[in-house]
Every structure is written in C-alpha cells, then in structure tokens.
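Enquirer: Here's a structure for you.
The values are calculated or read from the model by the stated rules, or taken from the named source; none is laboratory data. Computed from a predicted model, the values in this text were never measured in an experiment. Don't worry about glycine lacking a Cβ; one is built from the backbone with ideal geometry, like all the others, and counts go over all protein chains shown. The accessibility values were calculated without ligands, DNA or RNA, using every heavy atom of the protein model including side chains. Shrake-Rupley method; radii C 1.70, N 1.55, O 1.52, S 1.80 Å.
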Amino acid sequence: MIRGWLQSLQVRLALRVAALYIVAAVVVIVVLMSRAYDTARSLGDQELLLRANDLARYVTAGENGLPRLEIPANLSAMYQPPSGRDIFAIRDANGRIIAAAPPRFGELVAGWPGTTSEPVRFDVRLDAEPGDFDGLSISRETVTGLVSVSVGRSSAGAAAAYSLMRKFIHDTIWAVSILVLAALVVGILGIRSGLRPVRNISEMAAAIGPHAMSVRLPDKGLPSEISPLVTAVNRALDRVEQGFAIQRQFTANAAHELRTPLAIITAALEEIEGDDDFGELKADVARMNRLVEQLLRVARLDAIVLDVTGVADLNEVASSVVATMAPWAVARDRTIAFKGFRDPVLVKGNRHAIRDAIRNLVENAVLHSPTSSEVLVWMSADGRVSVADRGPGIIAADQERIFDRFWRGKGVQFEGAGLGLAIVKEIMNAHGGRVSVENRSPDGAIFTLHFTIIDRENEKLSGVSPANKPSL
C-alpha cells in the first residue's frame, strides 16, 4: 500500500513540498535563534559599555591629585550588598585600583594586563560572591587621564534574560510550525487542484473503447506540461481508430467474398446424395456459413450505429425465433419449449437485432445441450428473456469472459468461433440493457437478456415488478 502511495504524483509532489517547508522552517528557526542570542549579547554589551562610561564620568581628582571615584548613592547601591549582581573595578594608568566593588574583584583586576579602547570580555568567579560574573574591560578618558574600567554582571541576571529569550524562541517555533502546517495544507490543496485536469483526462481516456474510438481528449485550457501528452494520446487514438477501421473493413470484405462461393457450394451439396463422410462435409460447410454470417453481423455492429428507437414485442420476437429454430433443433435430436404471455411485452429497440440476440442464445443452448434434452425459453413481464439448457454449465471464472470475441473455454469441443455471445452483448449494450448468465441446478446454464419495458399508459421507460419464473 505504501509503495502504491509513493507511485502517486500527487503524493510525491506533496512530500517534496513538505520537505521544502520543513527545511525552510528549520533554517528560519536556526537563524532566528542565532540572531536572537546575538542580539541579547549585543544588548548586554551595550548596557555594560554604558555603565563603564557612567563610572568613568564620576572619576575626579582628589586632594592629593590622585584620581578617585565619586558616584551618586543610587548608583553606588547597585554595586553594594545585598544586590551583589553587579561588579566593577577602576584602575589608573599605573594599574592602581581607584575603586572596586566588591574589593575581591579589585584584587583580581589589579593583576590583569592593561586595556585599550576596544572592549575585552572576561568571565570570573568570586569566592565570596555567589555565581559567576561576565563583563568587559575598556579604557576611558577622564579628567585625571586614561583609566581602565572593568564592569560585570551576575550570570543569574543574564540567565533570566536568556530564559525570556528561550521562551520567545519556543513560542516562535510553535508559531512557525503552525504557519508551515497551514502552508503545507494550502500547498497540497493547490497540487490537488493543479492535478485535477490530469484526473479528468484519465477518466475520459478510460471511457474510450472499441465502440467509442471517435472520442478524443480535450486539448484546450490544459497546463503546458500536460498538453503535449494529450496531443500524443490523441494521435495514438487516431492511429488505433484507423487500425480498427481497416480491421472491420477486412472482416466485412472477407465475409462478403466468402458468402457467395459458400452459398454455391451449399446449394450444390444439397442436390448430391452421399455417405457419412459426405454428411460431415455438409456439416463443415454449414459451420462455415454460420461463421460468415456472424462475421457479417459483427462488422455491421461495428460500422453502423444500431437504430433502437423502434418498438418491439419481446413475446412475439421470442416466439418467432423458437418457431423458426424448432425444426433445426429437432434435426439435432433436441427440442425447444417456449413459455410466453398473451399480452405484448413492449420494449424500445431494434426488432431484428433483438431477434439475432435471442437466436444466438437459443442456438448456443442447443449446441451445448446433450441429445434428447430440452432447451427452455421463457418471458418475464419485467422485460427479461431467459434461455436455459442442460449442458455442462459455465464455471464462475469464465462467466465474464464468455462474452469476449473469439473466446472459447479450455477443452470446448463444440462448433463455433466464439462470436455468438459477443454479438449478444453488443446488441444488449446498444439497447441500454445487459446479458447475464448463471448456472442451472443440477446442470446447465441460464442466459438472460434484460430490457427496460415501455409503460403503455405513459409511453415512458419504467420498471415492472418481475413475474415468477417457471419451475425448472
């Protein structure tokens, strides 16, 4: 099943679109995370630089001429316990500590190398203070000269900022995922809509058969990718139709060419008396005549649209077929029984074609019935004509194939070319009906023609409740 799905163009396109959306979403999320952390770090550095500048502004010269730090109380409170989240240390050009909070940080900074105008990052851990500190050191010009300012902040404070950033990224990932899912659904619907012409063309192509060879696939308003394929298929159908026409013409010509000499041979044989071998020759010629007649019927059905606008009485047509074929069946040591109705059973159709269909079924039943057996033909008030025999029956696997042209079951030794039942099916299709077959108990088969009867009151096609079949 999965392999079948993967062979679908729609599924393949949907999977590729899904993969593209997923990759794009991952790239967007990774870039967003990178930019977010870079932005958070940049903002932190900007804040530390501002603090360093503020501290440098408050460096003044003391009474002894040495630099000292005089900061407002509110700013000083930021670097005093219990806050403990911010640290700083200021050194003069000689490396002497001007001010530091806490003092332990000043001791560490005293041993660091000198700084420049470019910030230098650091990470430290103070024994007396909880947690780690990260910050930067930078040189700044003051009224007393160049000083080095080192400012830092607790990692706990940065962790809170990064926690907010992670929450923002988490929410962003959900939002991007929903947008990607929505875009994927829209993309799949777009693919399905885009492939609708392909499905419509496929359905139309599937409906083209031997009896609809003149139908062509529409080539207007199609996507440019599909149009060449449709054009190629239509050209192939042109060639196939031409081949069918040549085949039908050959069949009709061959049947016509054989019909006259066979008629002459048949007439000549009827005037000659002979032994058993001569009788077999007559039988062979009769089979050839039957084959030629069937070929002509097939050719007419293929070449000419059957006129089914007339009205036919199934009861009258079936009874006339039985009356005509009864002597032929008796000559073969079989009999034909008929059960009909007094009232007409009217259907829309071609009387001669319906007669051919019933005749083929009766002929087929007689040929497949054992000697001294009876073929039963009966009518139903709902427009069914059934023909039952006592032959070998038909296995379930062959009950559909027996209506194919020239098909003969394995081991079949009866005369015929496999065209009779195919002709019956063609005639029923032309009438909008169908032919069915079922096995008969204890042996034999029942073939049934299903027509739609005419409502004699309203002159419209309608159904009538089925009549009871005779006991078989």
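Enquirer: If you take the beta carbon distance between residue 118 and residue 174 as r and set R0 to 41 Å, what does 1/(1 + (r/R0)^6) give as a FRET efficiency, to the nearest 0.05? It would help to have the intermediate numbers written out before the result.
Expert: Working: r = 40 Å, r/R0 = 0.98.
After rounding, the FRET efficiency stands at 0.55.
Enquirer: Let me ask you something else. For the range 334-340, take each phi angle, set θ = phi - 60°, evaluate the Karplus expression 6.51 cos²θ - 1.76 cosθ + 1.60, and give the result in whole Hz per residue in order, putting x for glycine and proline.
Expert: Residue by residue, the range 334-340 yields 10, 10, 10, 10, 10, 10, x Hz.
Enquirer: I'd like the carbon and sulfur percentage of the solvent accessible area for the range 160-244, probe radius 1.4 Å, heavy atoms only, ligands and nucleic acids excluded.
Expert: 68
Enquirer: To check my understanding: the extent here is largest minus smallest coordinate of the Cα atoms along each principal axis. What are those three numbers for the range 311-461, in Å, largest first?
Expert: Result for the range 311-461: principal-axis Cα extents of 50, 29, 26 Å.
Enquirer: Something else about it: Two decimals, Cα atoms only, Kirkwood Rh: what is Rg/Rh over the range 57-119?
Expert: My calculation of the ratio gives 0.97.
Enquirer: Full-extension gain between residue 280 and residue 23, please, as 0.36 nm times their residue separation minus the C-alpha to C-alpha distance.
Expert: 84.3 nm
Enquirer: Go ahead and run the numbers for FRET between residue 58 and residue 192, Cβ-Cβ distance against an R0 of 60 Å, rounding to 0.05.
Expert: Working: r = 70 Å, r/R0 = 1.17.
Efficiency, from the Cβ-Cβ distance: 0.30.
Enquirer: Can you work out the Karplus-derived ³J(HN,Hα) for every residue in the range 71-76? Use 6.51 cos²θ - 1.76 cosθ + 1.60 with θ = phi - 60°, whole Hz, and x for glycine or proline.
Expert: Couplings: 10, x, 4, 5, 6, 5 Hz.
Enquirer: Test of understanding: express the Cα radius of gyration of the range 1-205 as a ratio to 2.2 N^0.38 Å, with N the residue count.
Expert: 1.75
Enquirer: With a probe of 1.4 Å, find how much accessible area the range 311-461 has per residue, and write the answer as a whole number in Å². Don't skip to the end; give the middle numbers.
Expert: Numbers: 7220 Å² over 151 residues.
Value for the range 311-461: 48 Å² per residue.
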